[in-house]
Amino acid sequence: MQFFGGSEISPSPPAPTASGNNGHMLYVFNRNGICLLYREWNRPLHTLNAQQDHKLMFGLLFSLKSLTAKMDPTSAEKGNLGVPQLPGQGCSFHSFRTNTYKLSFMESPSGIKIILVTHPRTGDLRDSLKYIYNLYVEYVVKNPLYTPGSPIRSELFNTTLDQYVRGIA
Amino acid sequence: MAAIYSLYIINKSGGLIYYKNYGSAGRMDTNDTLRVASLWHSMHAISQQLSPVSGCSGIELLQADTFDLHCFQSLTGTKFFAVCEPGTQQIESLLKYVYELYTDYVLKNPFYEIEMPIQCELFDMNLTQSVQKDRVALLGQ
């Protein structure tokens, strides 16, 4: 997956096809499993409390990555199941779909994981996730008052993010 | 096209009862296939917990960089999942057909113990035939 090598430095959004209420929730985790951001736009059902929900989500992604690295049919040499992998090492999944939601996942080379839960008929959101990562870089990382590893509390980031997610078809 | 790499069937408790490899580069030994099957069973269950809307029945399609994983769950909790090339079409109908073969040649076999590994010749034969037929049909298009 190509992160660097695009010609634009500043984020350029893919054309929004506004249909409004498609995004359910968004999580951003860092490499240590700390939930940096959790945004919720449309979530009628809460099965667990917030802490457990974050841990469960992180655990699910960790295990799914381990599973896909092991099940990769194109690579001959694989480590054992459950061995922690470096970001980008081994085959990683980018989305899964159930009958009620679609989860899109992206991991940056620094271990920042962005998860977006949407309506099941959503298309490929990899470019949208890259754009959200660019927003994170612009509004959070470049903010001198932000300490890496702590939860994100930036109004500007939240508003821009909300606006962008509303525009995703 | 129509490249199915492998097919797994797991019982309602998550135990692997059938595994067939159709040509993936990495060979997994039996223990690993068992672990992978149980891991998938648990992930399937956890994904239901994280649904924002009620009525979730688990993961149907997982898309990774180099493969897609399609999963079909019957009403009794038996899961049929297939690892295939990204973008392969009609795997859903193939899995439903495998379910039919399972009910015909495995469940109706009086010597088959439910939830145990499948060792029914007719099931194997018909399964190979249908996977081959699929391959040929899709290559012909």
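The values are calculated or read from the model by the stated rules, or taken from the named source; none is laboratory data. These figures come from a predicted structure and were not determined experimentally. Ideal geometry is used to build each Cβ from the backbone, glycine not excepted, and the neighbour counts take in all protein chains shown. Keep in mind that these areas ignore ligands, DNA and RNA; they rest on the heavy atoms of the full protein, side chains included. Shrake-Rupley method; radii C 1.70, N 1.55, O 1.52, S 1.80 Å.
Here are the numbers:
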| read-out | value |
| --- | --- |
| Exclusive hit being of a type in the set (Asp, Glu), open to solvent by 10 Å² or more (accessible area, probe 1.4 Å), over 27 Å from A:ASP124 (Cβ atoms) and in contact (Cβ under 8 Å) with a residue 12 or more places away in the chain, set B:GLU85, B:GLU115 | B:GLU115 |
| Some residue of the range B:62-76 being in contact with a helix residue (DSSP H, G or I) (Cβ under 6 Å, 6 or more places away or on another chain) and in a helix (DSSP H, G or I) | no |
| Hits in the range A:34-58 - residues which are under 14 Å from the mean Cα position of the chain (by Cα) and either more than 7 Å from chain B (Cβ to nearest Cβ) or surrounded by fewer than 17 Cβ atoms within 10 Å (Cβ to Cβ) (or both) | A:ILE34, A:CYS35, A:LEU36, A:LEU37, A:TYR38, A:ARG39, A:GLU40, A:HIS54, A:PHE58 |
| Any chance A:PHE93 is open to solvent by less than 20 Å² (accessible area, probe 1.4 Å), under 14 Å from A:ARG39 (Cα atoms) and not acidic (Asp, Glu) | no |
| Of residues in the range B:29-38 being open to solvent by 10 Å² or more (accessible area, probe 1.4 Å) and in contact with a Phe, Trp or Tyr (Cβ under 9 Å, 6 or more places away or on another chain), the one nearest to the other protein chains (Cβ to nearest Cβ) | B:LEU34 |
| Any hit, the range B:90-99, residues being at the interface with chain A (Cβ under 9 Å from one of its Cβ atoms), farther than 25 Å from A:THR100 by Cβ and touching a residue at least 12 places away in the same chain (Cβ under 8 Å) | no |
| Identity of the residue in the range A:81-108, at the interface with another protein chain (Cβ under 8 Å from one of its Cβ atoms) and among the polar types (S, T, N, Q), that ends up farthest from the chain's Cα centre (by Cα) | A:ASN99 |
| B:SER130 among the small types (Gly, Ala, Ser), farther than 30 Å from A:GLN89 by Cα and open to solvent by less than 60 Å² (accessible area, probe 1.4 Å) | yes |
| Number of the condition not met by B:LYS20 [criteria: (1) in contact (Cβ under 8 Å) with a residue 40 or more places away in the chain; (2) open to solvent by less than 40 Å² (accessible area, probe 1.4 Å); (3) more than 10 Å from chain A (Cβ to nearest Cβ)] | (2) |
| Those residues of the range A:109-120 which are facing chain B (nearest Cβ under 10 Å) and open to solvent by 10 Å² or more (accessible area, probe 1.4 Å), in sequence order | A:HIS119, A:PRO120 |
| Qualifying residue in the range A:138-154 (condition: within 14 Å of chain B (Cβ to nearest Cβ), crowded, with 17+ Cβ neighbours inside 10 Å and without any contact (Cβ under 8 Å) to a residue 60 or more places away in the chain) | no |
| Some residue of the range A:24-32 being facing another protein chain (nearest Cβ under 9 Å), over 15 Å from the mean Cα position of the chain (by Cα), more than 22 Å from A:PRO148 (Cβ to Cβ) and of a type outside the set (Lys, Arg) | no |
| Total residues in the range A:59-68, condition among the polar types (S, T, N, Q) and within 7 Å of another protein chain (Cβ to nearest Cβ) | 2 |
| Selected residue (criterion: surrounded by the most Cβ atoms within 10 Å (Cβ to Cβ)) from residues of the range B:39-76 that are of a type in the set (Asp, Glu) and at the interface with chain A (Cβ under 7 Å from one of its Cβ atoms) | B:GLU60 |
